[in-house]
Amino acid sequence: MRTGDADERAMEIGRYIAGSGATVRATAAVFGVSKSTVWKDQSKLRRQAPALWREVQRVLQKNKAERHLRGGEATRRKFLHQSPSHPPDPAARSCTAPAQPV
């Protein structure tokens, strides 16, 4: 890949993140590159377009601050869609459930 292509991709990715508020993972999927490439491109953006870089950093910092919420939501959806044919393990009791007499 020529340097100009990588520089242009960095600008496109920066504009996409700033405009959409997308995460690094989502951006990588849209552009067909790895998450590492998205991060490397953003470091190039700091020299190329400092104003756009600051906007991208604002979005990425917001996403980083909210990632624990997205992770919890993903786990909740996973267990809501889990098949009822697999009942929970009876040996695994909740900490709040009263102890059963033996």
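The values are calculated or read from the model by the stated rules, or taken from the named source; none is laboratory data. Because the structure is a prediction, the values reported are computed rather than measured. All Cβ positions, even for glycine, are placed from backbone atoms using ideal geometry, and neighbour counts span all protein chains on display.
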| query | Which of the residues belonging to segment 9-43 are part of a loop (DSSP other than H, G, I, E, B) and more than 12 Å from the chain's Cα centre (by Cα)? | reply | Gly32, Val33, Ser34
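Please work out if Gly19 is surrounded by 10 or more Cβ atoms within 10 Å (Cβ to Cβ) and at pLDDT 90 or above.
Yes: the conditions hold for Gly19.
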| said: Need pairs with beta-carbon distance below 8 Å; first residue among the charged types (D, E, K, R) and within segment 3-32, second outside any helix (DSSP H, G or I) and surrounded by 15 or more Cβ atoms within 10 Å (Cβ to Cβ); sequence gap 6+ or separate chains. | reply: Arg9/Val33
| field | Where a residue in segment 43-67 is in contact (Cβ under 8 Å) with a residue 40 or more places away in the chain and its partner, wherever it lies, is surrounded by 12 or more Cβ atoms within 10 Å (Cβ to Cβ) and not in a helix (DSSP H, G or I), with Cβ under 6 Å and at least six apart | value | Val59/Gly21; Asn63/Thr23
| Restricting attention to segment 49-63, does a residue exist that is at pLDDT 80 or above, outside any helix (DSSP H, G or I) and of a type outside the set (D, E, K, R)? | yes
| All positions within segment 38-55 that are within 13 Å of Asp7 (Cβ to Cβ) and in contact with a Phe, Trp or Tyr (Cβ under 8 Å, 6 or more places away or on another chain) | Gln42, Leu45, Arg46
